[in-house]
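The values are calculated or read from the model by the stated rules, or taken from the named source; none is laboratory data. Note that the structure is a prediction, hence the values are computed from the model and not measured. Cβ atoms come from the backbone with ideal geometry, glycine included; neighbour counts cover every protein chain shown. Note: areas computed on protein heavy atoms with side chains; ligands, DNA, RNA excluded. Shrake-Rupley method; radii C 1.70, N 1.55, O 1.52, S 1.80 Å.
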Amino acid sequence: MGRQREFDRDAALESALREFWRHGYEATSIASLTAAMGIRPPSLYAAFGDKRRLFDEVVERYQRTHGAFTSRALREETTGRAAVARFLRQAAAEYTDPSHPPGCMVISAAVNCGPGSAEVEESLRRLREAGKAAIAERIAGDVAAGRLPSDTDVDALATFYACVLQGMSTQARDGVGREDLERVADLAMLPWPAGDGDRDGPVPDDAERPGRAD
């Protein structure tokens, strides 16, 4: 029987997540990771593989915990408009939550990568593109249901809201607070095309709170 690991794997993974979130992939070293995780390099390699594989696991964890609010809103709300309004308000709360680094890790973790980390940069780009496609799918659903005009530029509108999210993340990392980002979220809904979707009513109360996975 192999020797039992002498650390809490889940807690160590969360610590690694916060290191990558705070410093980015390339600037985060094995030394800083092991210090944050409270383990030695051999334990890191035995439990998680190399730095790249650890990062991939961290990203998966981020998507189902801190970053789950966007996909949850898109999945749970009855209209695209309600979903977008909800995740923008939740982004204002989540991106400025003082209990963890600011902004979105998927947006910021590869902004300073060199050629040696091109695969990491590309993997995060694909995740962002998948998120934008999910927004477009909900907008297209509103068009198909007659809530938006038939000539709505679905792709452009989805790109606009993806840009808003990315901008909110950057602003949060620059120190902009929740209330200011909530105003940005509200203003960002003004360009939503006129249609039956405007009669959806107020954004649900849970849009005021950052979404978290169970």
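For R40, are the conditions met, namely being free of Cβ contacts under 8 Å to residues at least 12 places away in the same chain, surrounded by fewer than 21 Cβ atoms within 10 Å (Cβ to Cβ) and either of a type in the set (D, E) or out of contact with any His (no Cβ under 9 Å at 6 or more places or on another chain) (or both)? Yes, satisfied.
Can you spot a residue in the stretch 10-22 that is assigned to a loop (DSSP other than H, G, I, E, B) and over 22 Å from L127 (Cα atoms)? Looking through the stretch 10-22, none of the residues is assigned to a loop (DSSP other than H, G, I, E, B) and over 22 Å from L127 (Cα atoms).
Against the definition (over 26 Å from W21 (Cα atoms), out of contact with any His (no Cβ under 6 Å at 6 or more places or on another chain), open to solvent by 40 Å² or more (accessible area, probe 1.4 Å) and at pLDDT 95 or above), how does R126 come out, yes or no? In short, no.
Restricted to the stretch 129-149, and to residues there that are buried (at least 16 other Cβ atoms within 10 Å of the Cβ) and among the charged types (D, E, K, R), the residue that is farthest from Q166 (Cα to Cα) is R147.
Per this entry, G197 is not counted among residues that are at pLDDT below 95, of a type in the set (G, A, S) and not in a helix (DSSP H, G or I).
To keep it simple, each residue is scored yes or no on (1) touching a Phe, Trp or Tyr at 6+ places or on another chain (Cβ under 8 Å); (2) closer than 25 Å to Y25 by Cβ.
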| residue | (1), (2) |
| --- | --- |
| P102 | yes, yes |
| V106 | yes, yes |
| A110 | yes, yes |
| G116 | no, yes |
| V120 | yes, yes |
| L127 | no, yes |
| P149 | no, no |
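What about E60, is it under 20 Å from G131 (Cα atoms) and either at pLDDT below 95 or of a type in the set (D, E) (or both)? Criteria met by E60. Of all positions in the stretch 32-46, none carries a residue that is at pLDDT below 95 and closer than 19 Å to C113 by Cβ.
Each row is one residue, and each column tells you yes or no for (1) basic (K, R); (2) touching a Lys or Arg at 6+ places or on another chain (Cβ under 8 Å); (3) within 26 Å of F55 (Cα to Cα).
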| site | (1), (2), (3) |
| --- | --- |
| R86 | yes, no, no |
| A92 | no, yes, yes |
| R125 | yes, no, yes |
| R128 | yes, no, yes |
| G141 | no, no, no |
| S150 | no, no, no |
| A162 | no, yes, yes |
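Can D56 be described as open to solvent by 10 Å² or more (accessible area, probe 1.4 Å), touching a residue at least 12 places away in the same chain (Cβ under 8 Å) and either of a type in the set (F, W, Y) or assigned to a helix (DSSP H, G or I) (or both)? It is true that D56 is open to solvent by 10 Å² or more (accessible area, probe 1.4 Å), touching a residue at least 12 places away in the same chain (Cβ under 8 Å) and either of a type in the set (F, W, Y) or assigned to a helix (DSSP H, G or I) (or both). Condition check: of a type in the set (V, I, T), open to solvent by 20 Å² or more (accessible area, probe 1.4 Å) and more than 13 Å from the chain's Cα centre (by Cα). Does T78 satisfy that? Here the answer is yes, as T78 does meet what is asked. Residues in the stretch 97-107: is at least one charged (D, E, K, R), open to solvent by 10 Å² or more (accessible area, probe 1.4 Å), at pLDDT 95 or above and within 30 Å of G141 (Cα to Cα)? Within the stretch 97-107, none of the residues are charged (D, E, K, R), open to solvent by 10 Å² or more (accessible area, probe 1.4 Å), at pLDDT 95 or above and within 30 Å of G141 (Cα to Cα). Within the set S32, S15, the sole residue that is touching a helix residue (DSSP H, G or I) at 6+ places or on another chain (Cβ under 8 Å) and over 20 Å from C104 (Cα atoms) turns out to be S32. A single entry from S71, S32 fulfils the requirement of being assigned to a helix (DSSP H, G or I) and open to solvent by 40 Å² or more (accessible area, probe 1.4 Å): S71.
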